[in-house]
Amino acid sequence: MFLAEANPLNASELIFPTLECIHIAGFAILVGTIAIVDFRLLGVGMRQQTSAELARDLGPWTLFGLVLMLFSGPLMFSSDPDMYYLNRSFQIKMALLLVAIIFNYTIHRRVALKGASPPKSKLVACVSMLLWVGVIFGGIFIAFI
Ligand code: HEM
């Protein structure tokens, strides 16, 4: 049993909301940059650049967003792990997150950089968006389930 009271993160009421702000900023950068590439793969928006150029230019920002999430998320989790790991929404979010990260750095990256037939590009973009929206919903519903 992990004593949430003993956790220094719970020493001040300002730490958790500060982490949550970093968490929200992080997913805006992470999911925002991935969504720009997805819209390009769907053939809407940013047509002056290819999906490969966008994926290359935005890649470092996507990684920065992911680092912010993998820093702030576990810290928030540590504020009350017994509550979170039993939370169904948190469990679904973590499962979707693992699939979303693997998908992003394998199939999605290959299709964005090397190109694919329009139907395949659109399918990959839709799967990507559904996965990340699922992670976000999972995060938001943690507090309501
Ligand atoms: C990398 C992708 C991630 C995304 C897109 C994401 C998204 C979100 C969102 C949208 C929220 C709700 C924020 C709010 O309502 O204010 C949230 C909350 C949260 N996330 Fe994440 N998250 C990610 C990664 C993680 C990781 C890796 C962990 C922990 C291991 C984590 C733990 C949490 C916790 C504990 C909360 C707070 C729930 C609460 O008490 O309100 N997240 N996340």
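Here are some notes:
- Annotation: extensible slack from Leu14 through Val99 equals 27.4 nm (criterion: 0.36 nm per residue apart, minus Cα-Cα distance).
- Hydrophobic, long helices, defined as DSSP H runs whose alpha-carbon span along the helix axis is 27 Å or greater and whose mean Kyte-Doolittle value is at least 0.5, occur in the chain at 15-41, 51-78, 118-141.
- Residues of segment 99-113 with amide N under 20 Å of a point placed 7 Å along Cα→Cβ from Ala52: 104-113
- By accessible area, using a 1.4 Å probe on protein heavy atoms only, segment 2-141 has 75% of its surface on carbon and sulfur.
- In this rough spin-label picture, where each label sits 7 Å from Cα along the Cβ direction, the Asn7-Arg110 distance is 3.8 nm.
- Counting only residues at least eight positions apart within a chain, or on another chain, there are no lysines with an alpha carbon under 22 Å from that of Lys93.
- Applying the criteria of a DSSP loop state and at most 12 other Cβ atoms within 10 Å to the chymotrypsin sites (Phe, Trp or Tyr not before Pro) of segment 69-113 yields Tyr85.
- Per residue, the accessible area of the chain comes to 59 Å² when a 1.4 Å probe rolls over the protein heavy atoms.
- Among the trypsin sites (Lys or Arg not before Pro) within segment 1-74, those in coil by DSSP and having at most 11 neighbouring Cβ atoms inside 10 Å are Arg47.
- Exposure of Val133 as accessible area (Å², to 10), given a probe of 1.4 Å and all protein chains: 70
- Rounded to the nearest 500, the 222 nm mean residue ellipticity of the chain from helices alone is -24500 deg cm²/dmol, with -39,500 (n - 2.57) taken per DSSP H run of at least 4 residues.
- Kirkwood Rh and Cα Rg combined as Rg/Rh, the chain: 1.05
The values are calculated or read from the model by the stated rules, or taken from the named source; none is laboratory data. Predicted, not measured: the structure shown is a model, and the values here were computed from it. Neighbour counts are summed over all protein chains in view; Cβ atoms, including those assigned to glycine, are modelled from backbone coordinates with ideal geometry. What goes into the accessible areas is simple: the full protein's heavy atoms, side chains included, and nothing from ligands, DNA or RNA. Shrake-Rupley method; radii C 1.70, N 1.55, O 1.52, S 1.80 Å.
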